[in-house]
Amino acid sequence: MERKCFPMCINCQYFRGAKDGMCDVFPRKIPDKIWSGDFKHDKPFPGDQGIRFHPKESEFWSVSELARVMNVGPKTVYRALWSKKIPAYKIGRMWRVSKRDLQFIKK
């Protein structure tokens, strides 16, 4: 049976690789029922050692997230981005700010 990537696994902090379909919870192979999406792993599953799906934390902030963290308005963040006071990446029309670049900011 051909295995297909299921977004729930890919977005989990325990996921380790699509090639072999492995994760920290199921180190040999993610069960086909979970991998195919027939079973959402937010509920108990045999052999999961009590560990469930846990979403990864993003490595980037959007403008609105950064504004909330900095307790300023989005326009203030945009001005800082345009003037290059904050290092950022622009992908299409979307700005993303790496959390590593702004380690001094606490949530």
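FYI, it's all coordinate maths here, none of it is from the lab. Every value quoted in this text rests on a predicted model; they were computed, and no experiment measured them. Note that we place each Cβ from the backbone using ideal geometry, even for glycine, and neighbour counts take in every protein chain shown.
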Across segment 74-87, which residue is farthest from the chain's Cα centre (by Cα) among those that are surrounded by fewer than 14 Cβ atoms within 10 Å (Cβ to Cβ) and assigned to a loop (DSSP other than H, G, I, E, B)? Ser83
Could you list, ordered by first residue, the pairs with Cβ atoms under 6 Å in which the first is in segment 14-33 and under 16 Å from His54 (Cα atoms) and the second is surrounded by fewer than 18 Cβ atoms within 10 Å (Cβ to Cβ) and of a type in the set (Asp, Glu), at least 6 apart or interchain? Tyr14/Asp24; Val25/Asp48
Selection within segment 63-86 - under 15 Å from Leu102 (Cα atoms) and among the basic types (Lys, Arg): Arg68, Lys84, Lys85
Suppose the filter is polar (S, T, N, Q) and within 30 Å of Tyr14 (Cα to Cα); does Ser83 pass it? no
